[in-house]
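Heads up: the structure comes next, in structure tokens.
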Amino acid sequence: MNDVLARLRSLQATDLPVHGGRTLAYVYDSGLTDVDEVARTAVAAYAGSNGLDPTAFPSLLTMENELVGFAANLLDGPETMVGTVSSGGTESVLLAVQGARDAHPEVAKPNIVVPSTIHAAFFKAAHYFGVEARVVPVGPDFRADVAGMSAAIDSSTVLVAASAPSYAHGVVDPITEIAAVAAARGVRCHVDACIGGWVLPYAARLGRSVPAWTFAVEGVTSISVDLHKYGYTPKGVSLLLHRTPALRRPQYFAHADWPGYTMLNSTMQSTKSGGPLAAAWAVVSTIGDEGYSKLSDEVFQAVDEIVAGIEQIPELSVVAQPDSTLIALGTSEACDPFTICDEMAAAGWFVQPQMAFGGSPATIHLSVSAATLPHVEEFLAALGSAVSAAVASGPVRVDAEVVAFIESLDPDALSDDDFDGLLAASGLVGASDDGELELPTRMAEVNAMLDVASPRMREALLIAFLDRLQRPTR
Ligand SMILES: Cc1ncc(COP(=O)(O)O)c(C=O)c1O
């Protein structure tokens, strides 16, 4: 057993650290080690419990209802508000779209109206549920265009959605106006607050200027908010909240017409571990309202210091003044953003590249955590050095012939062999001396190549890449 655990630890050493405030995407760190310990204990205690049946595991139902109650207080939930715990932001979004679609069986070709900055999870939902995603370009401030969204709504629109805030730019959409437009047409309006929902209410209490976006806004029918982001809980917990039980009803699924138990689900999963829910309940109960207020104060201090520091680096700019805890960094022409990401990684910081989109160049994403605050000075020094290194090494150019070649390809017409050739040429996949698949350590060249590819080609290449990675080890 000790051998297994030793191997587990050595495997985990190859991953990004989840604590320490140096990983600025994917993970969210409160920096509170005692809270992390409580979370681990709760996950372990409930790892084998099954959230499939609340009569068999009533404690999970109690914890779910208490978490939803906490959220109701935080997000101005009316007396009628109800909620469900899901496994993450994507599942909450999937359920919001599925519920909206199924509320309108009379609509033959349902559509959802979303700003171009909406999270990719909505496109997954559209893909899964056969719903058209009507994408409305955002304005120059990266916020949803209310008039454009209003014009896109028609009699087959089952849902309008917007973000609080958007992942890529960290700004809150004009929810009041969008919800009013949706309500006037009798359409559901979902606010995707997966990443901001547990921190924006505290920002408002701290006196920061936050546009209205909660259930206090008339016309908002549902909100998704993830606990495994700024609730600082272990992974696997999000909330999907509805203004009334009637709005939630189409989300339920039951099947009694088979010889086994009646399957009765409120989420996409049926059997589900009680671990994440128990851990979220334990973390939220331990941190509490006051604790979240303090953590929010810390994270916003870190955001302000980082923004101020970036403004001192001439090659960098903040793409949009952040409404929340996410920062998008732009770079001057002399300075390749992907090289900065590599340099930061070499210095022990993970920052996330975002590809060019809709005429805007590539950027660097930062999800700031409370645990980053004590390290801001160090972070800014590392960023300054990374920028100097990127300027010194110059822009990463993709060979014009490679660009032309990629542009000439139709991703739908490529064979597996073509993809193998492309993956090798792109540097995404190499082979070590013993023929094993090897991942690149520096990503700048790979990212530069992906950046010039069309989104469709990028998707196809990365799917081929993942397919090659997911092969059994015998
Ligand atoms: C705004 C927003 N919505 C949805 C999601 C999807 O959440 P998850 O990765 O938990 O599925 C994210 C994730 O970052 C997000 O930022």
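The values are calculated or read from the model by the stated rules, or taken from the named source; none is laboratory data. Fair warning: this is a prediction, and the values are worked out from it, not measured in the lab. Using ideal geometry, Cβ is built from the backbone for each residue, glycine included, and neighbour counts are taken over all protein chains shown. Accessible surface areas use protein heavy atoms only, side chains included; no ligands, DNA or RNA. Shrake-Rupley method; radii C 1.70, N 1.55, O 1.52, S 1.80 Å.
Figures for the structure shown
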{"item": "Candidate lysines for bridging to residue 109, where Cα separation is under 20 Å - those fewer than 8 sequence places away on the same chain excluded", "result": "124"}
{"item": "Distance cut-off 28 Å, percentage of C-alpha pairs in the chain lying past it", "result": "56"}
{"item": "Apportionment of accessible area to carbon and sulfur, segment 33-284, percent (1.4 Å)", "result": "59"}
{"item": "Highest average packing first - 231-241, 269-279, 81-91, 305-315, Cβ atoms within 10 Å", "result": "231-241, 81-91, 269-279, 305-315"}
{"item": "Calculated P(r) of segment 400-469 - Cα pairs past 17 Å, %", "result": "38"}
{"item": "Carbon plus sulfur fraction of accessible area for segment 347-427, probe 1.4 Å, in percent", "result": "55"}
{"item": "Where segment 400-469 is the region considered: accessible area per residue in Å², 1.4 Å probe", "result": "59"}
{"item": "Anchor residue 294: lysines whose Cα lies under 25 Å away (excluding residues fewer than 8 positions away in-chain)", "result": "229, 235"}
{"item": "Whole-Hz ³J(HN,Hα) from phi, Karplus 6.51 cos²θ - 1.76 cosθ + 1.60, for segment 65-76, glycine and proline x", "result": "5, 5, 5, 5, x, 4, 5, 4, 5, 6, 10, 6"}
{"item": "Length released on extending from residue 155 to residue 104, taking residue separation times 0.36 nm less the Cα-Cα span", "result": "17.3 nm"}
{"item": "3J(HN,Hα) from dihedral phi, segment 7-23, Karplus parametrisation 6.51/-1.76/1.60, rounded to Hz, x for glycine, proline", "result": "5, 4, 5, 6, 5, 5, 5, 7, 8, 5, x, 9, 10, x, x, 9, 10"}
{"item": "Charge dipole (debye, nearest 20) of the chain; +1 at Cβ of Lys and Arg, -1 at Cβ of Asp and Glu", "result": "1360"}
{"item": "Average Cα contact separation per residue, the chain, under 8 Å, 6 or more apart, as relative contact order %", "result": "18"}
{"item": "Probe 1.4 Å, accessible area per residue of segment 33-284, Å²", "result": "40"}
{"item": "For segment 92-99, Karplus couplings with θ = phi - 60° (6.51, -1.76, 1.60), whole Hz, Gly/Pro x", "result": "4, 5, 4, 5, 5, 6, 4, x"}
